[in-house]
Amino acid sequence: MNIRKDRRFFEEKLIKGIMRFCALLLAGLLILIVTTIAVKGFSALNLSMLVNTAKGGFYLGKEGGILHAIIGSFCIAGGATCLAFFISTPIVLYINVYRKKRSKLAELIRFAFNVLWGIPSIVYGAFGFTCMLFLGLKASLLAGILVITLVEIPILARGIDEVVQHVPIEITQAALSLGATTGETAWKVVIRQILPGIITAMLLAFGRGIGDAAAVLFTAGFSDYIPESLMQPVATLPLVIFFQLGTPFPSVQNRAYASAFILTLLVLSISLMARFFSKKLSRHRIDHM
Amino acid sequence: MHQQTHIEVKNLNVSYGDVKALHNITLAIPDKKITAIIGPSGCGKTTLLKSFNRLLDLEEGVKIKGEIFVDKENIFTPGLEPTHIRKKMGLLAQKPCPLPMSIFDNVAFGPRIHGLKNKRRLYGIVRYHLKQAGLWKEVKDRLYEPASKLSIGQQQRLCLARGLAVKPEIILGDEPTSALDPASSKRIEEIFKMLKSRYTIVLVTHILRQAKRLADYIVFLYNGELVEHGPADVVLAHPQQPLTQEYINGVVS
Ligand SMILES: Nc1ncnc2c1ncn2[C@@H]1O[C@H](COP(=O)(O)OP(=O)(O)O)[C@@H](O)[C@H]1O
Ligand SMILES: [Mg+2]
């Protein structure tokens with residue numbers, strides 16, 4: 001009797017211990033990553049990096065900054081996230097509100113999203129490159145945005161789908177019973193309930209988009225300048241980091257870490273902003289169901 | 001007693017996949033009376049109620065056979081837009097469910113989608129129906145707060161006001177007091193009594209005493225079958241069917 005009891009307590013303690021250890025491991029890892037890039041990049045970190053573009057010889061250790069890459073990354077990830085939003089939201093509302101949540105079509109589309117989600121982004125890049133060759137397009141901001149849109153659609157759509165599936169059916173029924181059409185129910189009622197979730201999903205997609213290097217490698221090209229049109233090639237932060245790390249010069253490698261630090265800070269601040277807005281937008285959400 | 005029929009159900013059969021929920025229901029719901037649908041849980045009360053405003057269409061795998069006439073119009077006519085049928089009926093769900101917007105916008109939602117834009121008239125309509133639902137005094141200073149901040153009892157009255165604001169002829173209530181505290185339940189019952197001269201009210205309830213207090217007409221379902229229906233005083237005092245007798249005397253539940 002007592003032995004059994006002791007064993008149960010021991011198991012309880014062991015399991016708790018394992019869980020705590022894993023949580024600590026994760027937190028430790030995060031701290032380690034951030035401090036590594038902060039420490040290594042600190043010596044290279046300065047304001048002129050943020051306000052200048054790469055000058056000649058930047059990758060050899062001369063003057064310059066990464067403003068062009070920051071802007072490039074923002075344009076690509078921002079543009080792609082917006083486009084992906086305008087494509088994913090209608091699909092998701094269609095399969096959940098216009099059709100029944102468990103219809104064959106809905107399940108088929110969900111399956112497609114899962115498959116698309118699992119495709120590595122280098123494949124999207126290669127696909128985009130093939131399309132560009134076919135259409136006779138050159139590497140450009142536009143091509144980068146389009147390819148990253150493809151990368152982001154499954155992320156966004158799955159995120160929004162998850163949220164829409166949790167919208168209480170009673171809300172839909174309430175709207176319909178007032179004589180609302182399906183469209184009005186989807187776009188005036190359900191959308192309000194899921195707005196905070198959409199923001200979170202957009203943030204995830206944006207994070208993936210801004211950090212993606214493989215898909216833009218072929219499609220957005222590379223440049224030392226701030227793009228002036230959609231048709232010009234652009235640099236992105238991950239590629240700048242990659243090229244800087246690839247040089248044999250320690251001072252340039254440190255700049256890579258500084259760039260990584262900036263990228264991390266950017267993503268973090270976008271995260272915080274999104275949290276702020278999603279709190280505001282969840283004011284009217286119904287969650288007692 | 002001469003009375004007009006508002007909703008007429010003919011040979012209605014409903015099944016969910018392989019589960020038969022309603023068998024061959026034929027029934028007439030009288031105009032401007034309170035009809036109570038009673039019966040043990042799982043007997044098909046909600047299914048019957050939701051068939052009236054075509055909300056049943058939303059369920060997965062639902063099959064509907066038969067006819068329902070609302071004001072002599074068959075609501076299952078192929079190609080018929082269910083919105084104008086639904087607009088005729090306000091629905092009170094088992095758990096009150098406000099829309100994810102402010103108190104004002106909840107009540108204004110119906111009138112807005114049906115084309116009303118004038119701000120002053122909207123305000124007037126919102127105020128009038130919140131008063132009808134006995135909620136105006138409690139919310140008049142916080143009309144623009146989220147509806148979800150209200151208590152459950154207030155939310156149910158808000159849902160009533162929201163339903164009334166689209167000017168329905170029928171009010172459907174699916175155990176509308178079952179999630180409420182006794183005081184809130186009593187208020188809802190009183191509002192129903194007040195409204196019945198102007199609306200046809202169909203009330204699903206598994207509380208027999210509530211049916212006794214409110215109903216003019218009783219529909220007793222058991223296991224998806226219509227066992228007995230008729231004027232409340234007759235059915236409750238002198239049930240014809242043994243099953244109804246047993247249910248009313250609390251033998252089966
Ligand atoms: N969406 C559904 N899918 C499958 N079966 C259902 C569904 N809704 C109700 N049912 C079944 O139909 C029968 C009647 O249900 P319902 O109308 O909700 O009864 P009540 O409202 O009287 O409790 C029950 O056996 C229930 O399990
Ligand atoms: Mg029910």
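The values are calculated or read from the model by the stated rules, or taken from the named source; none is laboratory data. Values in this document were obtained by computation on a predicted structure and should not be read as measured data. Quick reminder, even Gly has a Cβ in these numbers, built from the backbone with ideal geometry, and neighbours come from all protein chains shown. The protein model used for the area step is the full one, side chains on, heavy atoms only, and it has no ligands, DNA or RNA in it. Shrake-Rupley method; radii C 1.70, N 1.55, O 1.52, S 1.80 Å.
For chain B, what relative contact order do you get, as a whole percent, if you take Cα pairs closer than 8 Å and at least 6 residues apart? Please report the intermediate quantities before stating the final value.
Details: 471 pairs, mean separation 69.7, N = 253.
With pairs under 8 Å counted, the relative contact order is 28 percent.
Helix B:119-132 sits at what angle to the longest principal axis of chain B, using alpha carbons and giving 0 to 90 degrees rounded to 10?
Approximately 50 degrees, to the nearest ten.
Starting from the exponent 0.38 and prefactor 2.2 Å, build the expected Rg for the range B:1-70 from its residue count and divide its actual Cα Rg by it.
1.13
Give me, ordered by chain and number, the residues 5 or more places off B:LEU92 or on other chains with an amide H under 5 Å from its own placed amide H.
Close amide H contacts, sequence-distant or interchain: B:LEU172, B:GLY173, B:ASP174.
Kindly state, to the nearest 0.05, the FRET efficiency for B:GLN241 paired with B:LYS20, given R0 = 30 Å and r defined as their beta-carbon distance. Kindly include the intermediate steps, with their values, before the conclusion.
Values: r = 20 Å, r/R0 = 0.67.
That gives a FRET efficiency of 0.90.
Provide the per residue accessible area, probe 1.4 Å, for the range A:35-158, rounded to a whole number of square angstrom. Could the numbers behind the result be given before it?
Working: 6190 Å² over 124 residues.
With all protein chains present, the range A:35-158 gives 50 Å² per residue.
Relative contact order of the range B:163-217, please, whole-number percent, based on alpha carbon pairs below 8 angstrom and at least 6 residues apart.
With pairs under 8 Å counted, the relative contact order is 47 percent.
On a straight-distance basis, which lysines could pair with B:LYS119 in a cross-link, Cα separation under 27 angstrom, same-chain partners fewer than 8 positions away excluded?
A:LYS188, A:LYS280, B:LYS87, B:LYS88, B:LYS131, B:LYS137, B:LYS140, B:LYS149, B:LYS167
Starting at the first residue of the range B:230-244, write each ³J(HN,Hα) from the Karplus equation 6.51 cos²θ - 1.76 cosθ + 1.60 with θ = phi - 60°, in whole Hz, x for Gly and Pro.
Each residue of the range B:230-244 in turn: x, x, 4, 4, 6, 5, 6, 8, 10, x, 7, 8, x, 4, 5 Hz.
Taking Cα atoms, how many degrees apart are the long axis of helix B:182-195 and the longest axis of chain B, rounded to 10 and kept between 0 and 90?
Orientation of helix B:182-195: about 90 degrees from the principal axis.
Kirkwood Rh, Cα Rg: Rg to Rh for the range A:49-287?
1.06
Can you run phi through the Karplus equation (6.51, -1.76, 1.60; θ = phi - 60°) for the range B:66-79 and list ³J(HN,Hα) in whole Hz, with x for Gly and Pro?
x, 9, 10, 10, 10, 6, 6, 9, 6, 6, 9, 3, x, x
Work out the P(r) tail for chain B: percent of alpha carbon pairs separated by more than 26 Å, whole number.
I get 40 percent for the Cα pairs in chain B exceeding 26 Å.
Please turn the phi angles of the range B:58-65 into ³J(HN,Hα) values with the Karplus equation 6.51 cos²θ - 1.76 cosθ + 1.60 (θ = phi - 60°), one per residue in order, whole Hz, x for glycine and proline.
6, 5, 6, x, 7, 10, 10, 10
Which of rounded, prolate, oblate describes the range A:1-156, given a ≥ b ≥ c as roots of the alpha-carbon gyration tensor eigenvalues and a/c under 1.5 marking rounded, otherwise prolate only if a/b is larger than b/c?
Since a/c reaches 1.5 but b/c is at least a/b, the shape of the range A:1-156 is classed as oblate.
Given the whole protein assembly as supplied and a 1.4 Å probe, what does the accessible area of B:TYR247 come to in Å², nearest 10?
The value for B:TYR247 is about 20 Å².
Can you give the helix-only mean residue ellipticity at 222 nm for the protein assembly as shown, where every DSSP H stretch with n ≥ 4 adds -39500 (n - 2.57) and the sum goes over all residues, rounded to the nearest 500 deg cm²/dmol?
Helix contribution divided over all residues of the protein assembly as shown: -17500 deg cm²/dmol.
What relative contact order, as a whole-number percentage, does chain A give when Cα pairs under 8 Å and 6 or more residues apart are counted?
Values: 384 pairs, mean separation 78.9, N = 289.
Normalised by residue count, the contact order of chain A is 27 percent.
Binning every alpha carbon pair distance of the protein assembly as shown at 20 Å from zero, what are the percents per bin?
18, 37, 27, 15, 2, 0
Which percent of the accessible heavy-atom area of the protein assembly as shown goes to carbon and sulfur, probe 1.4 angstrom?
Details: 16750 of 26830 Å².
The computed percentage sits at 62.
Relative to the longest principal axis of chain B, what angle (0 to 90°, nearest 10) does the C-alpha long axis of helix B:152-164 take?
It is inclined by approximately 90 degrees.
Accessible area lost on pairing B with A, both sides, 1.4 Å probe, Å² to nearest 100? If you can, show how the numbers build up before the last one.
On the way: alone 12380 and 17060 Å², together 26830 Å².
Buried area (both sides, nearest 100 Å²): 2600 Å².
Would the range B:181-222 count as rounded, prolate or oblate if I go by the C-alpha gyration tensor, calling it rounded below 1.5 in a/c and otherwise prolate when a/b exceeds b/c, oblate otherwise?
oblate
For the protein assembly as shown, what is the charge dipole size about the Cα centre, in debye to the nearest 20, if Lys and Arg each add +1 at the Cβ and Asp and Glu each add -1 at the Cβ?
1220
What residues qualify as long-range amide H neighbours of B:GLY66, i.e. H under 5 Å apart, gap of 5 or more or another chain, H built at 1.01 Å from N?
Here B:ASN13 satisfy the definition.
Ignoring everything but the protein chains, give the 1.4 Å probe accessible area of B:LEU208 in square angstrom, nearest 10.
30
For the range A:231-275, report the accessible area per residue in Å² (1.4 Å probe, heavy atoms, rounded to an integer).
I get 48 Å² per residue for the range A:231-275.
When every alpha-carbon pair in the range A:2-44 is counted, what percent end up more than 17 Å apart? Can you show the working numbers first?
Numbers: 498 of 903 pairs.
So the portion of pairs separated by more than 17 Å is 55 percent.
Between B:ASN53 and residues 5 or more places away or on another chain, which pairs have amide H atoms under 5 Å apart, with H built 1.01 Å from N, and which residues are they?
Those qualifying (amide H under 5 Å, at least 5 residues apart or on another chain) number zero.
If a helix is a whole DSSP H run, which ones in chain A reach 27 Å or further along their own axis (Cα) and hold a mean Kyte-Doolittle hydropathy of at least 1.0?
A:67-93, A:141-165, A:191-211
Among all the aspartates and glutamates, which ones have a C-alpha under 12 Å from B:LYS45's C-alpha, if same-chain residues fewer than 8 places away are not counted?
In chain and number order, the partners are B:ASP174, B:GLU175, B:GLU225.
Under a point spin-label approximation (7 Å from Cα along Cα-to-Cβ), what is the A:THR36-A:ARG275 distance to one decimal in nm?
So the label points at A:THR36 and A:ARG275 sit 2.4 nm apart.
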